[in-house]
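This report concerns only the one structure given below.
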Amino acid sequence: MIEQLRDWVGGRDLVGELADWISRPSVSRTGEGMAEAAAHGLRLLRASGLRAREVETGGWPALVGTADGPGPHVLIYGHYDVQPAGPLELWTTPPFVPSIRNGRMYGRGTGDNKGQHLAQLLGLRALRDLTGGFPCRVTVLLDGEEEIGSPNLAAAVSQVGQPDLVIWSDGPVHDSGRACVVLGVRGILMFELRARGSNRPLHSGNWGGVAPNPAWALVQLLATMRSADGAVTVLGFADDVAPLTGGQRAALADLPVDVAGTLEAIGAVGMEPPAGLGFHERLATPTLTVNSLSCADSGDHRAVIPDVAIARCEARLVGGQTPDQVADAIRRHVAKHAPDIEFVPDAAMTPATTLPETRYTATILRAVEDAFGQRPLLVPSLGGSLPIAVLSDGLSCPCYGVPLANVDEANHAPDENLDLDWFHRGIVAAAAIQLALAVHS
């Protein structure tokens, strides 16, 4: 069947369909093109043999397509919104005018996420054309707000029924260039710490030693939150972190990495403390990061005592942690060590974890290997964050990521692109997973 799927892919102008999809802006942050894109997304769902409808969420609508089949109920998640284009002068060709160069299509949304969910849809279409139906019961859910944090995804999820498992395709394949199956994502809590001094900036000579300096208050607070050896010292920050299972540790140990080469590429001489953690283990553990420090001086660097100092920070979360629990721990810490400094929580996502021991894992790994001709890597957790917990926790089912974009897809950046070989092979992989799950059942 794999060869038949490859022949099906090779006999159609699927790149033209991708170009048509990319040419339709869908910027959820500004609203550019969202209504037109939603209408086209419904047409794509119907063209793949699905019953399609728009689901109101209170924000940009979600798109849902369904079809019956004898196998398990598989929910396929993707998103049709994209990032803003950014500075147009940094694009080689216009972001919403698809361009093909050296076997890649360039344009906003190629890799993130239109190309990847289109590959899933085309995999379903191939199965319908070749077999007359679908091997599994299928629900496709296309989020319209992923690029703004999916604030209303739960409202859409509540209307899709109870699946047996979730498949999502987002982000790039493994850094080594090998296909992979991703079992989880870290969560995130973004926040600010705001320290205030006087009611205006003051001359540092005339007021030095008299006026309170909020910058010193802020850095002294930050110094109480993490030790020099890298340990987070916020009481309760990581109390509920679930220890890695044997299967997770084995999968992490199997992931290839050239630590020295990776550090050289970013101009670093060593990894962040703590010592003793492996490269990939670090991406499966919680972190506390200072993203920026500012005294709101517009870069003037005047000889003043600032009136305000702001630290923009984030915590990356793993299984067992929740944004609310971590926010409460940080709030208590700030109240104890610097009660005059304001803690302001911002965007958050809950971590999601599917264990390697889950019943569908081996089946999906085998299907991806059949499609790509190479054993995929099993990634216990991405270092980054996606709204997968809304699915895994809200639906109480395992979630599997099967990325179908090249490592250097430049998602969110100028000249975002998708390697068309990955696109074509991804269609085959998407169909192969459905076939394997039907046999598994």
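The values are calculated or read from the model by the stated rules, or taken from the named source; none is laboratory data. Only a predicted model underlies this, so the values are computations on that prediction, with no experimental measurement involved. Virtual Cβ from ideal backbone geometry, glycine too; neighbours counted across all protein chains shown.
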(message) I'd like to check which strands (runs of 3 or more DSSP E) are fully inside the range 347-441 and have at least 2 residues that are of a type outside the set (D, E, K, R) and touching a Lys or Arg at 6+ places or on another chain (Cβ under 7 Å).
(response) 417-419
(message) Name the single residue that is farthest from residue 432 (Cα to Cα) among those in the range 97-123 being under 18 Å from the mean Cα position of the chain (by Cα) and outside any helix (DSSP H, G or I).
(response) 108
(request) Pick out the one residue from 303, 296 that is more than 17 Å from residue 219 (Cβ to Cβ) and among the aliphatic types (A, V, I, L, M). (result) 303
(request) List the number of the failed condition for residue 126; all other conditions in (1) more than 26 Å from the chain's Cα centre (by Cα); (2) buried (at least 18 other Cβ atoms within 10 Å of the Cβ); (3) in a loop (DSSP other than H, G, I, E, B); (4) not aromatic (Phe, Trp, Tyr) hold. (result) (3)
(request) State whether one or more residues within the range 254-269 are of a type outside the set (Gly, Ala, Ser), crowded, with 19+ Cβ neighbours inside 10 Å, in contact with a Gly (Cβ under 9 Å, 6 or more places away or on another chain) and not in a loop (DSSP other than H, G, I, E, B). (result) no
(message) Against the definition (more than 26 Å from residue 91 (Cβ to Cβ), within 19 Å of the chain's Cα centre (by Cα), crowded, with 19+ Cβ neighbours inside 10 Å and modelled with pLDDT of 95 or more), how does residue 387 come out, yes or no?
(response) no
(message) Could you go through the range 131-139 and let me know if any residue there is outside any strand (DSSP E or B) and either among the aliphatic types (A, V, I, L, M) or modelled with pLDDT under 95 (or both).
(response) no
(request) Determine whether the range 326-335 contains at least one residue that is in a helix (DSSP H, G or I), under 22 Å from the mean Cα position of the chain (by Cα) and within 16 Å of residue 190 (Cβ to Cβ). (result) yes
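Taking into account only those residues within the range 49-76 that are among the small types (Gly, Ala, Ser) and out of contact with any strand residue (DSSP E or B) (no Cβ under 7 Å at 6 or more places or on another chain), which is surrounded by the most Cβ atoms within 10 Å (Cβ to Cβ)?
The qualifying residue surrounded by the most Cβ atoms within 10 Å (Cβ to Cβ) is 59.
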(message) Being in a loop (DSSP other than H, G, I, E, B) and either in contact with an Asp or Glu (Cβ under 8 Å, 6 or more places away or on another chain) or at positive phi (or both): is that true of residue 151 here?
(response) yes
(request) Filter the range 51-81 down to residues that are part of a strand (DSSP E or B) and farther than 26 Å from residue 437 by Cα, then give me how many there are. (result) 2
(message) Looking at (1) crowded, with 16+ Cβ neighbours inside 10 Å; (2) out of contact with any helix residue (DSSP H, G or I) (no Cβ under 7 Å at 6 or more places or on another chain); (3) outside the structural domain of residue 81 (by TED's automatic domain parsing), which one does residue 332 not meet, given that it meets all the others?
(response) (1)
(request) Return a yes/no flag: does the range 302-315 have any residue that is in a loop (DSSP other than H, G, I, E, B), in contact (Cβ under 8 Å) with a residue 60 or more places away in the chain and surrounded by fewer than 14 Cβ atoms within 10 Å (Cβ to Cβ). (result) yes
(request) Tell me, please, whether a residue that is modelled with pLDDT under 95, among the aliphatic types (A, V, I, L, M) and in contact with a helix residue (DSSP H, G or I) (Cβ under 9 Å, 6 or more places away or on another chain) can be found in the range 225-235. (result) no
(request) State whether the residues of the range 157-172 include one that is within 29 Å of residue 419 (Cα to Cα), small (Gly, Ala, Ser) and assigned to a strand (DSSP E or B). (result) no
(request) Enumerate the pairs (first residue in the range 239-252 and closer than 13 Å to residue 320 by Cα; second residue anywhere and among the small types (Gly, Ala, Ser) and in a loop (DSSP other than H, G, I, E, B)) with beta-carbon separation below 6 Å, excluding pairs fewer than 6 apart on the same chain, so at least 6 apart or on different chains. (result) 240/320; 241/320; 242/319; 242/320
(request) Please tell me if residue 394 is of a type outside the set (A, V, I, L, M), modelled with pLDDT under 95 and either closer than 20 Å to residue 142 by Cα or touching an Asp or Glu at 6+ places or on another chain (Cβ under 7 Å) (or both). (result) yes
(request) Working carefully through the options 84, 94, 25, find the one that is assigned to a loop (DSSP other than H, G, I, E, B), surrounded by fewer than 20 Cβ atoms within 10 Å (Cβ to Cβ) and in contact with a strand residue (DSSP E or B) (Cβ under 6 Å, 6 or more places away or on another chain). (result) 84
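Any residue at all in the range 284-292 that is in a helix (DSSP H, G or I) and either within 25 Å of the chain's Cα centre (by Cα) or buried (at least 18 other Cβ atoms within 10 Å of the Cβ) (or both)?
So far as the range 284-292 goes, no, none of its residues is in a helix (DSSP H, G or I) and either within 25 Å of the chain's Cα centre (by Cα) or buried (at least 18 other Cβ atoms within 10 Å of the Cβ) (or both).
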